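No value in this document is a laboratory result; all are computed from the given coordinates. Note that the structure is a prediction, hence the values are computed from the model and not measured. Cβ coordinates were reconstructed from backbone atoms using ideal geometry, including for glycine residues, and neighbour counts include every protein chain displayed.
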Amino acid sequence: MRLSTSFILCVLSFLSLSSCSEVDQTLKSFRLSADEIQPMATGYGAGLATDHITVDGKKVGYMYREEPDRPEDSGWRFFSGEESQAYVDDPENTMIYDVNTIANYDPAIIPFLDAPPGSEFGRVGDSFVAE
């Protein structure tokens, strides 16, 4: 499952959300509060993750890294692996997060964060294997 380039550019256009579906994150009930986020994987930049992870509390089941779109983009994209393509294509189900935030939701991603663009990993048990 991949996010379309136009979707990624839409989400990453921080200053002009008017051309995209503007998502009010205050309407989302995140599984972790801001006070619960600890420094576990700092300095990686931003990545995209679906609400399956941050709202529903599911573990990361699939992640891939592509070439970053902007300097603050790590290139990481995180999914539970249970999302349909229609779910992924809806901008209201995906948001930009600091990679550290996603590491707080699922610390098992941390050993893989230095993998180069082009890397893909699927969860097997408590870890990940290259796909």
Between Asp126 and Asp89, what's the calculated FRET efficiency when r is the beta-carbon distance and R0 is 25 Å? Round to 0.05. 0.25
Where labels lie 7 Å past Cα in the beta-carbon direction, separation of Ala108 and Glu72 in nm: 3.0 nm
